[in-house]
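Before any comments, here is the structure.
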Amino acid sequence: MAPKRIVVLISGSGSNLQAILDQTLEGQINGKIAAVISNRPDAYGLTRAEQAGVDARLLDHKQFADRESFDAALVELIDSYQPDLVVLAGFMRILTPELVRHYHGRLFNIHPSLLPKYKGLNTHQRAIEAGDDAHGCTVHFVTEELDGGPLIVQAQVSVTPDDDAASLQQRVHQLEHQIYPLAVQWFCEDRLSLSDAGVELDGELLASSGYQYTTR
Ligand code: GRF
């Protein structure tokens with residue numbers, strides 16, 4: 001099976017990018033990151049890409065008059081790399097429906113909550129304030145609804161009475177670095193797809209909460 005081509009979009013530190021990059025370089029993922037694109041010039045993820053010899057591209061949204069023109073330029077830049085898969089890894093932009101539809105079935109996002117709970121921002125603080133015993137992260141296919149697409153894989157952490165948003169974020173982040181490369185790995189082995197019925201892994205339809213990842 002030919003290695004898949006992956007484009008990763010970032011706005012910040014890029015620790016999820018690093019986790020996926022490491023697994024492509026180590027051969028656990030049957031794919032290659034063709035480019036990393038940031039909308040912010042100061043994103044450390046651009047440096048991570050350069051250090052790994054991957055094309056690091058800046059497309060600054062501030063240079064565009066509106067969301068539509070930025071997203072149109074973004075699609076053009078992404079498509080110049082002919083990706084099989086586009087991975088949002090801390091890309092802090094709301095996407096136009098046109099962009100989302102263009103990458104239907106090949107656009108992933110990771111969100112730091114057990115979706116469908118806590119779409120949007122400040123997820124760790126919201127889980128604590130709600131008194132939840134469990135929190136976590138989710139990889140999902142992106143659709144037009146913000147943080148709302150079909151779920152691929154979820155990992156949970158227990159919330160302890162001592163937790164604050166920072167401690168919870170740190171534990172959730174570690175799990176993100178496990179489940180995001182895993183979802184990419186499945187996709188690159190042609191094991192994962194999005195159909196009208198939902199998300200299929202190895203030919204079986206997943207539950208709406210996605211594959212439940214447990215650490216061994
Ligand atoms: C992660 O918490 C992810 O869930 C969210 O943005 C953050 C990106 O972190 N979508 P990093 O840049 O990968 O370190």
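Figure the gain on full extension for S69 and Q28 (residue separation times 0.36 nm, minus the Cα-Cα span) and round it to one decimal in nm. Intermediate values should be presented prior to the final figure.
On the way: separation 41, 0.36 × 41 = 14.76 nm, distance 3.68 nm.
Here the segment from S69 to Q28 would lengthen by 11.1 nm.
Using the Kirkwood radius over Cα pairs, work out the Stokes-Einstein diffusion coefficient for the chain at 4 °C and 1.567 mPa s, in µm²/s as a whole number. Please report the intermediate quantities before stating the final value.
On the way: Rh = 17.6 Å.
Reported coefficient: 74 µm²/s.
With a cap of 15 neighbouring Cβ atoms within 10 Å, and only residues DSSP puts in a loop, list the GluC sites (Glu not before Pro) found in the stretch 129-163. Before the final figure, lay out the partial values.
Working: sites: E129, E144, E145; in loops: E144, E145.
When the GluC sites (Glu not before Pro) of the stretch 129-163 are filtered for loop state and at most 15 Cβ neighbours within 10 Å, E144, E145 remain.
Can you list, bin by bin at 10 Å, the percent of alpha carbon pairs in the stretch 1-103, starting at 0?
16, 51, 29, 5, 0
Count charges around R171 for me, please; just the other residues with Cβ under 13 Å from its Cβ, Lys/Arg as +1, Asp/Glu as -1.
Working: positive: none; negative: D162, D163, D164, E176.
Within the 13 Å Cβ shell, the charges total -4.
K32: which lysines have alpha carbons under 27 Å from its alpha carbon, excluding same-chain residues fewer than 8 sequence positions away?
The reachable lysines, counting only those whose Cα sits under 27 Å from K32, are K4.
How big is the stretch 91-216 on each of its three principal axes, counting only the C-alpha atoms and giving the largest first in Å?
42, 35, 21
Which of the GluC sites (Glu not before Pro) found in the stretch 148-216 are in a DSSP loop and have at most 15 neighbouring Cβ atoms, other than their own, within 10 Å? Don't jump to the answer; show the numbers that get you there.
Working: sites: E176, E189, E200, E204; in loops: E189.
For GluC sites (Glu not before Pro) across the stretch 148-216 that sit outside H, G, I, E and B with at most 15 neighbouring Cβ atoms in 10 Å, the list reads E189.
Every number in this text was worked out from the coordinates using simple rules, so none of it is lab data. Bear in mind the structure is a predicted one, so any value in this text is a computation, not a measurement. Don't worry about glycine lacking a Cβ; one is built from the backbone with ideal geometry, like all the others, and counts go over all protein chains shown.
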